[in-house]
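Structure first, commentary second.
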Amino acid sequence: MKYPVDESRGAYTCARSRTASASGQPLTDPRLRQDGYHRPVDEDLPLGQYPQFRGLTGREFRWGPSEAWRAWFAGGVVDGLVGVIDEHIAAIQNGYQRGLVGPAAVGCVPWLTSGPILDRLAALAGCCIVISKAASRKAASALAAADNALPNVSSGLRDLAPMEDGQPVVVGPGSSMPEHYLGPLRISGWGKGKGRAAPLMHAKLLVLGELRWAEDVIGGGEDLFFFSRSVWWGSANWTKGSTNNLEIGLWSDDKTLVDQSKRFVESVIEFSEPWDSTAESPDPNLRSIEFDDEAFAEYMAEYGGFPHDEDDEDADGFS
């Protein structure tokens with residue numbers, strides 16, 4: 001009886017030989033040995049290099065409208081993310097837009113130790129990534145020290161500000177909307193002391209976009225905004241070790257998905273803490289600002305309109 005061979009995968013689907021595939025060729029990686037059940041075994045070999053996955057590892061698959069979206073499977077999935085960030089940076093830098101500051105991103109991932117990912121995030125004009133508080137911070141410390149913290153200019157972050165004396169910031173007629181920087185790296189959840197039973201921020205999402213000055217349709221004039229363009233999501237942590245695992249990663253610029261992904265990441269940022277937080281349990285420091293409605297009502301009654309900050313036209317803001 002002959003057993004089928006899938007040569008495109010470089011291996012067998014059910015081989016009987018301990019030393020060769022059904023085609024008569026030796027197994028392509030010498031580190032693969034056979035156990036008593038005729039399965040390849042090697043603890044040091046990345047899973048994506050096993051015969052069953054060689055047709056998937058390292059390949060980019062197209063899907064979606066006009067096959068514009070992409071997916072990666074099996075081994076080396078994080079390499080696909082590296083490529084996506086490189087392409088995004090190049091596209092933003094090579095495409096002139098009025099008021100453009102540069103490429104930016106918001107995201108979340110439990111563990112972040114990949115050198116290539118850290119280097120590319122640090123090269124962005126603005127960045128805010130949330131990792132697990134239980135993760136090692138040593139590898140990611142270089143990004144934490146990078147001079148590219150994202151200002152609170154994403155739509156879901158504008159009304160958030162660090163608390164003052166444990167209380168939300170109050171905005172009145174004589175005060176401006178809060179302006180502050182996030183990240184570039186923040187932490188969330190429980191520390192290692194909580195143990196393995198602690199709930200975990202387990203999502204792996206990177207929303208890519210740009211920082212750009214544009215017209216503020218609400219307040220008038222120009223303001224700095226984060227405009228989202230695309231999203232990467234998948235199973236892989238952004239770590240060195242993820243290259244040994246079987247993972248999946250996907251990229252899309254579908255507007256509905258991108259917008260919802262951004263809203264989710266903004267919620268994760270709202271739940272997060274500064275990089276240097278020492279709290280063992282969740283201790284978010286960002287809160288929605290509060291408006292002094294009574295003070296605004298009194299101002300309106302006396303002056304007949306909202307206050308205008310005369311310094312707005314000369315303010316540098318986040319430039």
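Taken together, the values in this text are just the output of simple stated rules run on the coordinates, not laboratory data. Just so you know, these numbers come straight off a predicted model, no measurement behind them. All Cβ positions, even for glycine, are placed from backbone atoms using ideal geometry, and neighbour counts span all protein chains on display.
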Suppose we look only past 25 Å in the calculated P(r) of the range 136-242. What percent of the Cα-Cα pairs does that tail hold? 39
Provide the packing ranking of 256-263, 295-302, 244-251, i.e. peptides ordered by the mean count of other C-beta atoms within 10 Å per residue, highest first. 244-251, 256-263, 295-302
Efficiency by 1/(1 + (r/R0)^6): what FRET value for L47 and S267, r their Cβ-Cβ distance, R0 = 22 Å, to the nearest 0.05? 0.10
Could you give the length gained on full extension between E294 and M177, defined as 0.36 nm per residue of separation minus the Cα-Cα distance, in nm? 40.4 nm
Show me, for the range 172-178, the HN-Hα J-couplings you get by feeding each phi into the Karplus relation (A = 6.51, B = -1.76, C = 1.60, θ = phi - 60°), rounded to Hz, glycine and proline as x. x, x, x, 10, 9, 5, x
Calculate, in nm to one decimal, what V170 and A279 gain on full extension: separation in residues at 0.36 nm each, minus their alpha carbon distance. 36.7 nm
Förster-model FRET efficiency, 41 Å R0, W63 and Y303, C-beta, rounded to 0.05: 0.10
Listing S154, S252 from the residue with the fewest other Cβ atoms within 10 Å to the one with the most, what is the order? S252, S154
